[in-house]
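The values are calculated or read from the model by the stated rules, or taken from the named source; none is laboratory data. Quantities reported herein were computed from a predicted structural model and do not represent experimental measurements. Cβ sites come from the backbone with ideal geometry, for glycine too, and all protein chains shown count toward neighbours. To get the accessible areas, we keep the full protein, side chains included, count just its heavy atoms, and leave off ligands, DNA and RNA. Shrake-Rupley method; radii C 1.70, N 1.55, O 1.52, S 1.80 Å.
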Amino acid sequence: MDKKKWSDLSRGQKGAAIAVSAVDAGLRVWAGQDLASRSAAEVNGPKWAWATGLSLVNSMGILPVIYLLRGRKTPQA
């Protein structure tokens, strides 16, 4: 299967790719800022691993969502 070039994509496909990229970037920024503002005790797992994953892994928004839902410890009442 040949890879498509940007010029081969339809207008709708280009729009979808841009939208997914924008959502992914926004989620990465949100998750990265949240991670930076927390102490290691407030994070499930090592902070360095989350930071590395959030900055290097291309997950189409999945990894930032996993961090935001499961990577943060809930405050104890």
Checklist entry - Within the set of pairs 6 or more residues apart or between chains, which connect a residue that is in contact (Cβ under 8 Å) with a residue 40 or more places away in the chain inside the stretch 1-26 to a residue that is open to solvent by less than 60 Å² (accessible area, probe 1.4 Å) with Cβ atoms less than 9 Å apart? => result 20/61; 24/59; 24/61; 24/64
Item to check | Scope the stretch 21-33; condition among the aliphatic types (A, V, I, L, M) and open to solvent by less than 80 Å² (accessible area, probe 1.4 Å); matching residues | outcome: 22, 25, 27, 31
Item to check | Residues located in the stretch 34-75, provided they are of a type in the set (Ser, Thr, Tyr), open to solvent by 60 Å² or more (accessible area, probe 1.4 Å) and more than 12 Å from the chain's Cα centre (by Cα) | outcome: 37, 74
Checklist outcome for this item: Filtering the stretch 18-64 down to residues that are in a helix (DSSP H, G or I) and either hydroxyl-bearing (Ser, Thr, Tyr) or touching a His at 6+ places or on another chain (Cβ under 7 Å) (or both) yields 21, 37, 52, 55
Item to check | Qualifying positions in the stretch 1-20 - of a type in the set (S, T, N, Q) and either at pLDDT 95 or above or open to solvent by 70 Å² or more (accessible area, probe 1.4 Å) (or both) | outcome: 7, 13
